[in-house]
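To start, the structure under review is shown below, and the notes come after it.
The values are calculated or read from the model by the stated rules, or taken from the named source; none is laboratory data. In this text, all values refer to a predicted model and were calculated from it rather than measured experimentally. Counting neighbours? That spans all protein chains shown, and the Cβs are built from the backbone with ideal geometry, glycine included.
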Amino acid sequence: MKGSPKAVLFDFGRVISAPKPASLFESYERDLKLPLGCLNRIMFDDPAWEDTLLGRRSLDEYWAIIGTRLGLRDAEAVAAFRARYDADERPNTPVITMIHNLYGRVGLAILSNAPRGLSAWLERWGILSLFDAVICSAEEGVRKPWKEAYRLTLERLRVSPREALFVDDTGENVEAAEVLGIASHLYQNPTGLRQFLQTHGLNPLPSRNF
């Protein structure tokens, strides 16, 4: 990449939102009387999740299907577990602080495989206004690691692949971005992200000149 980047693309889940600890999933499984280690497989390996990510099903339809798979007996039980699961989602404060410090210096986007309603979620967390583009797979009909998802995001930001950085916690999504010529980072922790940004000429720390 020649010069400083003009834009940074961020994944949402487990990057902007904080990764949920294994202990939390274990508590779900105990309460649901499920074998330990099976919840993510039940919820996210089901074809209904792929349909939801591509906008073919609503979240309400998804939870109605997956609630049965989880052993929840009626709509009230499904609604209660769904509310609990959503309430346990937390902002990843160190990453959001870096995004605040980048705001106004480069274009910022979210590129997420997510159900409809991502922008409303960002609004509740008070961070929607930080982003120049929010690409939600269910609303656009394309998802990572499809090349169309990255190209659409770059088009919305009006930058080329060589002018952008990409951050995601999934290896295949990072690899797909790099194939397109986007310098990318496999997110594991805030320290690694900060070092990646600094390596590419962006200081995500507060500055007197910002």
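Here are Pro145, Pro161, Pro206: which of them is out of contact with any Phe, Trp or Tyr (no Cβ under 7 Å at 6 or more places or on another chain) and surrounded by fewer than 16 Cβ atoms within 10 Å (Cβ to Cβ)?
Pro206
Residue under question is Ala133, and the condition is that it be of a type outside the set (Ser, Thr, Tyr), more than 15 Å from Ser112 (Cα to Cα) and touching a Leu at 6+ places or on another chain (Cβ under 7 Å); does it hold?
Against the criterion (of a type outside the set (Ser, Thr, Tyr), more than 15 Å from Ser112 (Cα to Cα) and touching a Leu at 6+ places or on another chain (Cβ under 7 Å)), Ala133 does not qualify.
Taking helices (runs of 4 or more DSSP H) that do not extend beyond region 129-210, which have at least 2 residues that are acidic (Asp, Glu) and more than 14 Å from Leu111 (Cα to Cα)?
Filter on region 129-210 gives 171-179.
Quick one: which of Arg162, Arg124 is modelled with pLDDT of 95 or more and closer than 27 Å to Glu61 by Cβ?
Residue meeting the stated conditions: Arg124.
Quick check: anything in region 114-137 assigned by TED's automatic domain parsing to the domain that holds Ile99, without any contact (Cβ under 8 Å) to a residue 12 or more places away in the chain and on the phi > 0 side of the Ramachandran plot?
Within region 114-137 (the criterion being assigned by TED's automatic domain parsing to the domain that holds Ile99, without any contact (Cβ under 8 Å) to a residue 12 or more places away in the chain and on the phi > 0 side of the Ramachandran plot), the answer is yes, since at least one residue qualifies.
Would it be correct to say that Asp31 is under 13 Å from Pro115 (Cβ atoms) and either under 14 Å from the mean Cα position of the chain (by Cα) or outside any loop (DSSP other than H, G, I, E, B) (or both)?
No, not satisfied.
So, in region 71-114, exactly how many residues are crowded, with 21+ Cβ neighbours inside 10 Å, closer than 22 Å to Met43 by Cα and touching a strand residue (DSSP E or B) at 6+ places or on another chain (Cβ under 8 Å)?
The number of residues fulfilling the criteria is 3.
Name every residue in region 88-102 that is more than 12 Å from Ile16 (Cα to Cα) and not in a helix (DSSP H, G or I), in order of residue number.
Asp88
Right, Asp31: outside the structural domain of Val134 (by TED's automatic domain parsing) and loosely packed, with under 15 Cβ neighbours inside 10 Å or not?
When the stated conditions are applied, Asp31 passes them.
Look through Glu172, Glu148 and report the one residue that is farther than 18 Å from Leu197 by Cβ and within 15 Å of the chain's Cα centre (by Cα).
Answer to the selection: Glu172.
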